[in-house]
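Trainee: What follows is a single structure, and I will ask about it in a moment.
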């Protein structure tokens, strides 16, 4: 990146005095006797046990823990040793004796406009009934239940019901192929699958039951399928295996009273599969105790949740973002969450803005790919709506490019809403690098590490890099919500995350740099760094330069073999609505990148596309573009958007 380009990204946005004064983090900082974030953060590292103990005491425990962190078997860390808990105790049970019993926990809107509301008492009832059904179906403590549902309230209910009885859940995103579903069921050795007849997306029925039938036909462990009726279209029901959700919930076995199972802090809570570039998907294991503490703490301070907020995380509950910040953390904190079933631009590009206006959403958390996709339709759609209820915005997924950040801040937030640009992973469980409402913001930077988290950028030998030098993003110590292992493959966990160079540090697999103020700038996956004539160039930087052009809505950059440079940059772009691609525009975009980032970054080619290959969580799969260009095998594409 050129000096000019770096300077452009150093623009700082400061929060208002009223935002700072009312922030949860401000109150906590003052209670500890600190006047600035850096001093508080240093204390949280120097006194790590004290900090995490304070955060754990915000939650309820059946029996107290005797040790905060046990690192005697590193990298297999355990937290809150001896503590007895259950995430459902903190997410539901403890609210039943408070005024929150009658507070809204979930507001759900279907794509067709149907609205369903659930108080915390309603959630408790639905979860207890399903938990009793699962027990009647033979599900026991320690079993893994596979869940394959659309974006409906019953998805979080199913997750919570499993947790309540001490079973782990494995949520498979609704829309995966039957092969992906089959492989995940097999790895989890699930006896029970919870699915639906189908789901809606853009007014089309996704036939989940048909896909589930194909998967179950070659899944010998499956004994029972519980089927939710969502669409009402005809499906095959196998006698003795398949049961309608509503029929089971009407039986005497579905009592509204169910005791929450007391489990150890390290008892498995869920398995979530994340794909790699090769090999089978990895079953990431998270546990009840440390995960609860980590996500509740990050949610409380980053999103500054207040009792009056209407919070909307626009992800799917089936991804880690949904697990942590739609289902578990908001419920633990007693928040009201909004869930929407459909696509952001269906039937028109103002659907989200209608929702914000109608429900007075105060916090909106979404992905850069959604922001860029809506930005593509221009400013007129959001400007038709009153978005003044918003007080905080959030971003999750790939690094957000500065152009999209500014649009989100100015057009959606009206220049008044700080953006919580969060960096974290399925493996980390919760936020690692994130601002809070008091943080001065730089568009495109996730700012600094969260309290109790020690992040850095190092070279391949583990040495700290100089400011603004690219390197490997690492965590230098464990944290409570860290994954515990990979299901059935502890060796893969240790080798993939801890034992590669640099040894002893958690290696995130991302390339990043740290600026003079200590702000982190995530460049992208290590595999997404292109080396041209000896220079390391991040795909995110190149893509950000492309999106800064007024014609471009989204972009992806890959490196392909070049006989002189070794690697040449090839770019793929989606144009904004109403703009047509041409050779002239392609050349203009190549020149634009070179002007923004320097001559070495000028792409060999810029191609126009109607869509980019993405995971269902919205991340661009650059390796798929590269494999297609080179005529290679695509590897594991189970997470590829259909």
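The values are calculated or read from the model by the stated rules, or taken from the named source; none is laboratory data. Since this is a predicted model, take the numbers as computed values, not measurements. Here Cβ is always computed from backbone atoms with ideal geometry, including for glycine, and neighbour counts include all displayed protein chains.
Trainee: Of the residues 505, 560, 487, which single one is touching a helix residue (DSSP H, G or I) at 6+ places or on another chain (Cβ under 7 Å), at pLDDT below 95 and on the phi < 0 side of the Ramachandran plot?
Mentor: Just one listed residue meets the conditions, 560.
Trainee: When residue 489 is evaluated against the numbered criteria (1) surrounded by fewer than 20 Cβ atoms within 10 Å (Cβ to Cβ); (2) in contact (Cβ under 8 Å) with a residue 24 or more places away in the chain; (3) in contact with a strand residue (DSSP E or B) (Cβ under 6 Å, 6 or more places away or on another chain), which criterion, by number, is the only one it fails?
Mentor: The single condition residue 489 does not satisfy is (3).
Trainee: Restricting the range 74-85 to residues that are out of contact with any helix residue (DSSP H, G or I) (no Cβ under 6 Å at 6 or more places or on another chain), part of a loop (DSSP other than H, G, I, E, B) and at pLDDT 95 or above, which is surrounded by the most Cβ atoms within 10 Å (Cβ to Cβ)?
Mentor: By that ranking, first place goes to 77.
Condition check ((1) modelled with pLDDT of 95 or more; (2) buried (at least 20 other Cβ atoms within 10 Å of the Cβ); (3) under 17 Å from the mean Cα position of the chain (by Cα); (4) part of a helix (DSSP H, G or I)) across all residues:
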residue: 247; (1), (2), (3), (4): yes, no, no, yes
residue: 256; (1), (2), (3), (4): yes, no, no, no
residue: 271; (1), (2), (3), (4): yes, yes, yes, no
residue: 279; (1), (2), (3), (4): no, no, no, no
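Trainee: Pairs needed: first member in the range 214-226, in contact (Cβ under 8 Å) with a residue 60 or more places away in the chain; second member anywhere, part of a loop (DSSP other than H, G, I, E, B); C-beta distance under 6 Å; at least 6 residues apart or different chains.
Mentor: Correct list of pairs: 223/191; 224/137.
Trainee: Give me the residue from the range 56-73 that is outside any strand (DSSP E or B) and in contact with a helix residue (DSSP H, G or I) (Cβ under 6 Å, 6 or more places away or on another chain) and, out of that set, farthest from residue 295 (Cα to Cα).
Mentor: The residue in question is 60.
Trainee: Which of the residues spanning the range 343-372 are buried (at least 17 other Cβ atoms within 10 Å of the Cβ), over 18 Å from the mean Cα position of the chain (by Cα) and within 23 Å of residue 554 (Cβ to Cβ)?
Mentor: 345, 349, 350, 351, 352, 353, 355, 356
Trainee: Based on what the data block shows, is residue 589 within 17 Å of residue 403 (Cβ to Cβ) and modelled with pLDDT under 90?
Mentor: When the stated conditions are applied, residue 589 does not pass them.
Trainee: So, in the range 146-192, exactly how many residues are closer than 14 Å to residue 318 by Cβ and part of a strand (DSSP E or B)?
Mentor: The total comes to 6.
Trainee: Can you name every residue in the range 90-101 that is exposed (fewer than 15 other Cβ atoms within 10 Å of the Cβ) and either in contact (Cβ under 8 Å) with a residue 24 or more places away in the chain or outside any helix (DSSP H, G or I) (or both)?
Mentor: Within the range 90-101, 96, 98 meet the criteria.
Trainee: Search the range 167-182 for residues that are on the phi < 0 side of the Ramachandran plot and surrounded by 21 or more Cβ atoms within 10 Å (Cβ to Cβ) and pair each with any residue that is at pLDDT below 80 and in a loop (DSSP other than H, G, I, E, B) when their beta-carbon atoms are under 6 Å apart and the residues are at least 6 apart or on different chains.
Mentor: Short answer, once both residue conditions are applied: 173/616; 180/638.
Matching residues to (1) in contact with a strand residue (DSSP E or B) (Cβ under 9 Å, 6 or more places away or on another chain); (2) closer than 16 Å to residue 256 by Cβ; (3) surrounded by 20 or more Cβ atoms within 10 Å (Cβ to Cβ):
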site: 88; (1), (2), (3): no, yes, yes
site: 103; (1), (2), (3): yes, no, no
site: 110; (1), (2), (3): yes, no, no
site: 119; (1), (2), (3): yes, yes, no
site: 132; (1), (2), (3): no, yes, yes
site: 138; (1), (2), (3): yes, no, no
site: 144; (1), (2), (3): yes, no, yes
site: 158; (1), (2), (3): yes, no, yes
